[in-house]
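Asker: There's a structure below that I have some questions on.
The values are calculated or read from the model by the stated rules, or taken from the named source; none is laboratory data. Small disclaimer: the values here were computed from a predicted structure and weren't measured. Glycine also receives a Cβ, built like all others from the backbone with ideal geometry; neighbour counts cover every protein chain displayed. Note: areas computed on protein heavy atoms with side chains; ligands, DNA, RNA excluded. Shrake-Rupley method; radii C 1.70, N 1.55, O 1.52, S 1.80 Å.
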Amino acid sequence: MSATQPPNNSPTAPVTKIVLPDLVSHCTFKKRVSRHRKQVTSETKRWLFKGGNLTGKKRDAFHGLKAGLLTAMCYPDAGCPQLRVCNDFLTYLFHLDNLSDDMDNRGTRSTADVVLNSLYHPHTYQSPARVGKMTRDYYKRMIVTASPGAQQRFIETFDFFFQSVTQQAIDREAGIIPDLESYIALRRDTSGCKPCWALIEYANNLDIPDEVMEHPIIQSLGEAANDLVTWSNDIFSYNVEQSKGDTHNMIPVVMSEEGLDLQSAVDFVGTMCKQSIDRFVDDRANLPSWGPEIDKDVNTYVNGLADWIVGSLHWSFESERYFGKTGREVKATHVVNLLPRRV
């Protein structure tokens, strides 16, 4: 499918806005918010700001991020200590670049070395880097109650995150826009969603056997939730990213591969997002049974994925990360005025 090209002698008006797909209406899952939201938000704030770690604009960005709201909607049934660990992790994930500023080598590989050593050896590995200290701090609290399977999935998928972010940095440096299939495979890891899925197990005190977590339908459900969260994020973050010249986003990938104009590419990705929600619904209706006890835990886990789908959609318009202070207006009108490209 190709966009219609105007005649050479016909001036093309610059694109000044895009219309977002209405993903919120397409998602019928119930939105819930943990009653511990305010407490964990305050506690995480103190944890993150300890030692003057974030100041000025970085501190303002924390408040506008509203990570506590995202955590409260994505893990609504978690006890307060578990919700606090989840909120610490999500906030830390958003601020990972800032937290690694004090490292000798700011490359993603050196950051990964510190973080992964802190996870594999939380009681013995020592690093003066702020990101290492924070990693050991939240992970020591997590492993008190997390099942061995959840711990292993958390570390493995966080390792995948760093591998994919390193590849993303290489592609960005080389100015490479990958094909859609390659981009989707990479984006499922750069999203950081997979360790967040392991936190669903931790937050709800689940101990699901590995063979169940590896079942094709369970894997497909996680993938569908990841795709919705990730691809919708690409739509919502496109404006800010295009203003900085960042092309690691599904919209420019689709424009390049499908020959579409900007709005057509937004619509294309929006359709993919809706299809991922539909895929999740279909998979959930076809879950096999592993017996009453395991089925109960599986149901809790799958509901946790649904919480992430609906929670992330609503949070995207409440946070100031993508639309500044105009999120609620954008949620109602679906119209985004494009920012000028920074020189």
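Asker: With a 1.4 Å probe and all protein chains kept in place, how do Met73, Met272 rank by accessible area, largest first?
Answerer: Ranked list, largest accessible area first: Met272, Met73.
Asker: As a check on your grasp of the helix formula, calculate [θ] at 222 nm for the chain: sum -39500 (n - 2.57) over DSSP H runs of n ≥ 4, divide by the residue count, round to the nearest 500.
Answerer: For the chain, the value works out to -21000 deg cm²/dmol.
Asker: First obtain the Kirkwood hydrodynamic radius of region 50-91 from its Cα pairs, then insert it into the Stokes-Einstein equation at 25 °C and 0.890 mPa s, and state the resulting D in µm² per second as a whole number.
Answerer: Working: Rh = 11.1 Å.
After rounding, the answer is 221 µm²/s.
Asker: Across every pair of different alpha-carbon atoms, what Kirkwood hydrodynamic radius in Å does the chain reach? Provide the component values of the computation, followed by the final result.
Answerer: On the way: mean 1/r = 0.0474 Å⁻¹.
Evaluated on the chain, it is 21.1 Å.
Asker: On to the next question. Rounding to the nearest 10 and keeping the result within 0 to 90°, find how far the Cα-based axis of helix 193-203 lies from the longest principal axis of the chain.
Answerer: With both axes taken from Cα atoms, the answer is about 30 degrees.
Asker: As an exercise, identify the GluC sites (Glu not before Pro) in region 156-254 lying in DSSP coil whose Cβ has no more than 14 other Cβ atoms within 10 Å.
Answerer: When the GluC sites (Glu not before Pro) of region 156-254 are filtered for loop state and at most 14 Cβ neighbours within 10 Å, Glu214 remain.
Asker: Out of Gly107, Gly68, Gly270, any idea which swings most in a Gaussian network model of the chain, alpha carbons joined below 10 Å?
Answerer: Gly107
Asker: Could I ask something else about it? What does the convex hull of the alpha-carbon atoms of region 58-143 project to on average, in nm²?
Answerer: Working: hull surface 23.5 nm².
That works out to 5.9 nm².
Asker: Please check: in the Gaussian network model of the chain (C-alpha springs, under 10 Å), which one of Thr247, Thr91, Thr333 has the largest mean-square fluctuation.
Answerer: Thr333
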